[in-house]
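Peer 1: Once you've had a glance at the structure underneath, I'll fire off some questions.
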Amino acid sequence: MSIFNVEKIKYEGPKSTNPLSFKYYNADEVVGGKTMREQLRFAMSYWHTLCGDGTDMFGIGTVDKSFGGLTPMEIAEKKVEAGFELMDKLGIDYFCFHDKDIAPEGASLKEFQDNLDKIVPIIKANMKKYNKKLLWGTANLFNNPRFVHGAGTAPNADVYAYAAAQVKKALDITIELGGEGYVFWGGREGYETLLNTDMGLELDNMARLLKMSVEYARKNGFKGDFYIEPKPKEPTKHQYDFDTATVLAFLRKYGLDKDFKMNIEANHATLAGHTFQHELATARINGAFGSIDANQGDYLLGWDTDQFPTDVYNATYCMLEVLKAGGFTNGGLNFDSKPRRGSMTHEDIFLSYISGMDSFALGLKLAYKIVEDGRIDEFVKNRYASYNTGIGAEIVSGKATLESLSEYALSLNVVEEKKSGAQEYLESVINQIMFGGI
Ligand code: XUL
Ligand code: CO
């Protein structure tokens, strides 16, 4: 018996008016040498999809996510059933979870771990049955009141140890389920005021937790990627993992940069005052491009609204970065997105995923068209052409010195920049590529 009264979603093409169909996402269509399914590697977020009920700070939930279960463990089992049915019907190959999403915490750590031990074999059996894979796992170290002052950066060593125990178990589960990645999002790793905070010790301790986790997971056969997911604020006033550049500096300080890549979330990038594309490009040029949490914020709201991504420009610029990075390896596009509180039917979950998946299918196709068109790349190449020969080549090769550059500049005497950056032209090229077929 099925939980959702929805048929399998099929690709019907851009002219279809059937809301429960894909207009652009055609899983087996080849774009850029790989199928869309392989390029996009979509994942379902367990927390938003199977747990989030629309609760916000002004009101209780608007959608029931117990899926007919009555006790906490029964509900956990029903969530598994619902999740795999949904992935099957949407043709989503991967999922991502926090420990707390998949089993009730119970009254103690032991009870939590026992509950996880009961649910993990059920998830594993469903993965086999439906041929689904785990993109990444993580531990929720932010929801419980014990983490009010942080987890890996907690001022209380007992809380730190508890967090470590949760990470250990979440890693065990990720390994058991063949996960391709493990994410650290520093939920409450940050501070509200420096008056009560030893920032140096907190960051040293965070690095210690990451080091222990890498050592433990590698020792136990984890072959996937570790990711840090940057976010600048919310819930704390200042989150340590502010943005990609800050995280890279942190990792390098502690010698962890070879062990971690980034999980870039669109809405976190904009909260940091960056574009999504900037964060992806920063990760890429530093060899730290890993995975993506696909969503979008709202220009008028200053918080993490986690909306399903429908902005095709952003999806296109995102996929352009993914293509430039050579595509995903262990990462993918996890929809860390939720339907609006007012979109409260189960059908809305399907409509939301369809909308997000179609937007990224468009993004992929358009990004590939931009690459094939070549005008943007050509423009950028020409813009920096002066570094290919003469003094430019000396700068790039490291031969130039301040003295040699000074001598060269004096020989030129007058230097004027006459070359336009042509932003408007380039934006019109993007529009032509995107809408030229109209
Ligand atoms: C919170 C967020 C998390 C992480 C995983 O803003 O994005 O759900 O993706 O902990
Ligand atoms: Co996220």
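The values are calculated or read from the model by the stated rules, or taken from the named source; none is laboratory data. The structure displayed is predicted, hence computed values, not measured ones. Please note: Cβ atoms are built from the backbone with ideal geometry, for glycine as well, and neighbour counts cover all protein chains shown. Surface accessibility is based on the protein's heavy atoms, side chains included, excluding ligands, DNA and RNA. Shrake-Rupley method; radii C 1.70, N 1.55, O 1.52, S 1.80 Å.
Peer 1: Return yes or no: is D243 within 16 Å of ligand 2 (Cβ to nearest atom), among the charged types (D, E, K, R) and open to solvent by 10 Å² or more (accessible area, probe 1.4 Å)?
Peer 2: Details: within 16 Å of ligand 2 (Cβ to nearest atom): yes; among the charged types (D, E, K, R): yes; open to solvent by 10 Å² or more (accessible area, probe 1.4 Å): yes.
Yes; evaluated as a whole, the condition is true for this residue.
Peer 1: Would it be correct to say that E85 is open to solvent by 30 Å² or more (accessible area, probe 1.4 Å) and out of contact with any His (no Cβ under 6 Å at 6 or more places or on another chain)?
Peer 2: Values: open to solvent by 30 Å² or more (accessible area, probe 1.4 Å): no; out of contact with any His (no Cβ under 6 Å at 6 or more places or on another chain): yes.
So E85 does not fit the description; no.
Peer 1: Let me ask something else. Would you pick out the residues in the range 283-321 that are among the polar types (S, T, N, Q), away from ligand 2 (no atom under 14 Å from the Cβ) and surrounded by fewer than 22 Cβ atoms within 10 Å (Cβ to Cβ)?
Peer 2: N286, T310, N314
Peer 1: Is it true that A151 is surrounded by 17 or more Cβ atoms within 10 Å (Cβ to Cβ), more than 20 Å from the chain's Cα centre (by Cα) and away from ligand 1 (no atom under 16 Å from the Cβ)?
Peer 2: Numbers: surrounded by 17 or more Cβ atoms within 10 Å (Cβ to Cβ): yes; more than 20 Å from the chain's Cα centre (by Cα): yes; away from ligand 1 (no atom under 16 Å from the Cβ): no.
Against the criterion (surrounded by 17 or more Cβ atoms within 10 Å (Cβ to Cβ), more than 20 Å from the chain's Cα centre (by Cα) and away from ligand 1 (no atom under 16 Å from the Cβ)), A151 does not qualify.
Peer 1: So which residues in the range 118-169 are of a type in the set (K, R), closer than 26 Å to L86 by Cβ and in a helix (DSSP H, G or I)? Working first, answer last.
Peer 2: In the first step, residues of the range 118-169 are kept if they are of a type in the set (K, R); the result is 118, 124, 128-129, 132-133, 146, 168-169.
If we keep only those that are closer than 26 Å to L86 by Cβ too, we end up with 118, 124, 128-129, 132-133, 169.
Passing the criteria: K118, K124, K128, K129, K169.
Peer 1: Next up: Scan L251, L210 and give me the residue that is open to solvent by less than 10 Å² (accessible area, probe 1.4 Å), over 26 Å from D101 (Cα atoms) and in a helix (DSSP H, G or I).
Peer 2: Values: L210 fails: over 26 Å from D101 (Cα atoms).
Among L251, L210, only L251 is open to solvent by less than 10 Å² (accessible area, probe 1.4 Å), over 26 Å from D101 (Cα atoms) and in a helix (DSSP H, G or I).
Peer 1: On the basis of being in contact with a Ser or Thr (Cβ under 7 Å, 6 or more places away or on another chain) and surrounded by 10 or more Cβ atoms within 10 Å (Cβ to Cβ), does G392 make the cut? If you could, list the steps in order and put the result at the bottom.
Peer 2: Numbers: in contact with a Ser or Thr (Cβ under 7 Å, 6 or more places away or on another chain): yes; surrounded by 10 or more Cβ atoms within 10 Å (Cβ to Cβ): yes.
Yes: the conditions hold for G392.
Peer 1: Give the residues of the range 233-246 that are under 17 Å from A283 (Cβ atoms) and away from ligand 1 (no atom under 14 Å from the Cβ), sorted by residue number.
Peer 2: T244, A245, T246
Peer 1: Could you say whether any residue in the range 9-29 is of a type in the set (D, E) and open to solvent by less than 80 Å² (accessible area, probe 1.4 Å)?
Peer 2: At the first step, the residues of the range 9-29 found to be of a type in the set (D, E) are 12, 28-29.
Those still in the list that are open to solvent by less than 80 Å² (accessible area, probe 1.4 Å) too: 29.
For the range 9-29, residues of a type in the set (D, E) and open to solvent by less than 80 Å² (accessible area, probe 1.4 Å): present.
Peer 1: Using beta carbons and a limit of 9 Å, which pairs, at least six apart or on different chains, have the first residue in the range 187-199 and within 23 Å of Q166 (Cβ to Cβ) and the second one away from ligand 1 (no atom under 16 Å from the Cβ) and of a type in the set (D, E, K, R)?
Peer 2: Taking only residues 6 or more apart or on different chains, the pairs are E189/E202; G190/E202; Y191/E202.
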